Amino acid sequence: MATKKLRCRQMPLRNFKETSNISQYAEELKKNQRHRTLLSDISQLQLEKMLLVVQGHMKGLSLEESVEQAESDLTIDPDKDLNKLETEQVDKAKRIMDETFNQHRIKADDPEFEYNVEVEFQQPIESSGWDSDDEF
């Protein structure tokens, strides 16, 4: 960082196979003593995406196809009911949503931050029974 130069580092993916568990392997890489300092600034999701691309390439896909498949694996279908998924898939969806939230979050020290923003919404097009003004 003192010289302000970027470096390209290579890490061997020992014992990484076509059938390896991506999230588990990514956690092991981040916990590894040799790679901990280099991977501390990289999110778990970004590391999983890179491993998915490598795994797709190992399966015989081209680079473009494996990147496309990795992106589709790490996106959430808004029409999918998360209540009907298994625990592992729900945890994956939560990690993806957390990562997306953190990317879009505006912090108090960001230049785009505005304090006390007030937004006026339009009147609803159709009425709902739950938002009526009638008191019980």
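Of the numbered conditions (1) more than 17 Å from residue 75 (Cβ to Cβ); (2) open to solvent by less than 30 Å² (accessible area, probe 1.4 Å); (3) modelled with pLDDT of 90 or more, residue 56 satisfies every one except a single condition; which is it?
(1)
Look through 135, 126, 120, 99 and report the one residue that is in a loop (DSSP other than H, G, I, E, B) and at pLDDT 85 or above.
The unique qualifying residue is 120.
Quick check on residue 18: is it in contact (Cβ under 8 Å) with a residue 12 or more places away in the chain and assigned to a helix (DSSP H, G or I)?
no
Considering segment 4-23 alone, what residues qualify as being open to solvent by less than 100 Å² (accessible area, probe 1.4 Å) and not acidic (Asp, Glu)?
Within segment 4-23, 11, 12, 13, 16, 20, 21, 22, 23 meet the criteria.
Assess whether residue 78 counts as being more than 23 Å from residue 103 (Cβ to Cβ) and assigned to a loop (DSSP other than H, G, I, E, B).
no
The values are calculated or read from the model by the stated rules, or taken from the named source; none is laboratory data. Here the structure is a predicted model, which is why all the values come from computation and not from measurement. Neighbour counts run over all protein chains shown; Cβ positions are idealised from the backbone, glycine included. Just so you know, the surface numbers come from the protein's heavy atoms only, side chains and all, with ligands and any DNA or RNA stripped out. Shrake-Rupley method; radii C 1.70, N 1.55, O 1.52, S 1.80 Å.
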